[in-house]
Amino acid sequence: MKILIALAAALTVAAATPAQAAAPAALAAPDISVANVKAHLAQFQSIANANGGNRAHGRPGYRASVNWVKSKLDEAGFTTRVHSFTYGGATGYNLIADYPGGDANNVVMLGGHLDSVPGGPGINDNGTGSASILEVALQMKATGFRPTKHVRFGWWGAEERGLIGSSAYVNSLTRTEKSKIKTYLNFDMTGSPNPGYFVYDAVEGDFPAGSLALQQRLEADFAARNIPTELINVGNRSDHRAFMAAGIPVGGTFTGAEKIKTAAQAAKWGGTAGQAFDRCYHNSCDTTSNINDTALDRNADVIASTLWAVAA
Ligand code: DPN
Ligand code: ZN
């Protein structure tokens, strides 16, 4: 019955006049190519392979990752800068990229950590979030997106050492600069091999006012694609924390790490009950083989449509 109703709805849309069929603003975002996102993951893997198997803070594979992402953004016309900090006796780097245009007093920011642990290449954690926001950034340019808000991206260093880079960035901003950032969306692990579809819980996470609307926006985006989600209390486990501490509304998505998928979760999402969402979490086997393409694709599409709606 549900299928018939969906089919009827689809036929109605197909038969509509061009004016009626015009997609609402929220749906005008591009469908992000998972092949493009995977090509970026392959790049991170080769960088790790060429640099002792990792992309960790203070190691050459991290700096090479920054340089490569920066070159892609520079080519696309973003204004990029490398923000340095010191941690554990080594220089760390955040990559900040601004999309030209939009209201500079009304900034939407998307971010994810670019470093891996020393014990592996960090392809799911967090090549996925890094590659997905990179591809979304490139598609802003490719599609000529002209948001009214200003859009900025951040690739954070030394997350794995205790959220160091994102904290250094937020602490480097003046009060005024912080107040201009109205939204921060974080993407850390979006292609887990035995995936769940989690949205950061604004209430349980005690997020600043305005965060619940972001949570609901992300949930609605998955729901529109018929993907059931669960809320997750991510606490202080990723780079949204520093933004949250500054009173900035935050949100994010996550496909699971070391926790075990339950039978109920496997029934609604597929995959293997009794097994971790990511068996290679923080391990040398977190390679390009450690990715669920469907989860990666769906999250990249949600990132794009959320950005298109929030920054419109
Ligand atoms: N912070 C992640 C890591 O880099 O290990 C794990 C994580 C991400 C946990 C997001 C919860 C939510
Ligand atoms: Zn991570």
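The values are calculated or read from the model by the stated rules, or taken from the named source; none is laboratory data. Predicted model only: the values in this text are computed from it and were never measured. Quick reminder, even Gly has a Cβ in these numbers, built from the backbone with ideal geometry, and neighbours come from all protein chains shown. Side chains are part of the model used for accessible areas, which takes the heavy atoms of the whole protein and leaves out ligands, DNA and RNA. Shrake-Rupley method; radii C 1.70, N 1.55, O 1.52, S 1.80 Å.
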Between TYR87 and residues 5 or more places away or on another chain, the pairs with built amide H atoms under 5 Å apart involve GLY92
Sort TRP269, TRP155 by heavy-atom solvent-accessible area, probe 1.4 angstrom, most to least. TRP269, TRP155
Using the eigenvalues of the Cα gyration tensor, what equivalent ellipsoid semi-axes result for segment 2-311 when each is taken as the square root of five times the eigenvalue, whole Å, largest first? 29, 24, 19
Please list 3J(HN,Hα) in residue order for segment 295-312, calculated via the Karplus relation 6.51 cos²θ - 1.76 cosθ + 1.60 where θ = phi - 60°; whole Hz, with x for glycine and proline. 5, 4, 5, 4, 5, 4, 5, 5, 4, 5, 5, 5, 4, 4, 6, 6, 9, 2
Which percent of the accessible heavy-atom area of the chain goes to carbon and sulfur, probe 1.4 angstrom? 54 percent
Assuming R0 = 45 Å, what is the FRET efficiency of THR176 and ASN36, from their Cβ-Cβ distance, to the nearest 0.05? 0.80
Of ALA300, ALA56, ALA76, which is the most mobile in a GNM of the chain whose springs link Cα atoms less than 10 angstrom apart? ALA76
Counting helices only, and only those DSSP H runs with n ≥ 4, report the 222 nm mean residue ellipticity of the chain as the sum of -39,500 (n - 2.57) divided by its residues, in deg cm²/dmol to the nearest 500. -12500 deg cm²/dmol
Averaged per residue, the 1.4 Å probe accessible area of segment 2-311, protein heavy atoms only, in Å², is roughly 41 Å²
Applying the Karplus parametrisation 6.51 cos²θ - 1.76 cosθ + 1.60 with θ = phi - 60° to the phi angles of segment 222-235, what ³J(HN,Hα) value in whole Hz is obtained for each residue in order, glycine and proline being reported as x? 5, 4, 5, 9, 6, 10, x, 10, 10, 7, 9, 8, 7, x
Normalising by the residue count of the chain, find the relative contact order in percent from Cα pairs under 8 Å and 6+ residues apart. 22 percent
Past the 19 Å Cα-Cα mark, which pairs from LYS38/LYS149; LYS72/LYS178; LYS149/LYS182? LYS38/LYS149; LYS72/LYS178
If you add up the charges near GLY191, with Lys and Arg at +1 and Asp and Glu at -1, over every other residue whose beta carbon is less than 12 angstrom from its beta carbon, what do you get? -4
Size of the dipole of the chain about the Cα centre, Lys and Arg at +1 and Asp and Glu at -1 on the beta carbon, nothing else charged, in debye to 20? 360 debye
First check a/c for segment 90-219, with a ≥ b ≥ c the square roots of the eigenvalues of its C-alpha gyration tensor; if it is under 1.5, answer rounded, and if not, answer prolate when a/b is larger than b/c or oblate otherwise. rounded
When a/c reaches 1.5 or more, the comparison of a/b and b/c decides; with that in mind, is segment 157-214 rounded, prolate or oblate per its Cα gyration tensor? oblate
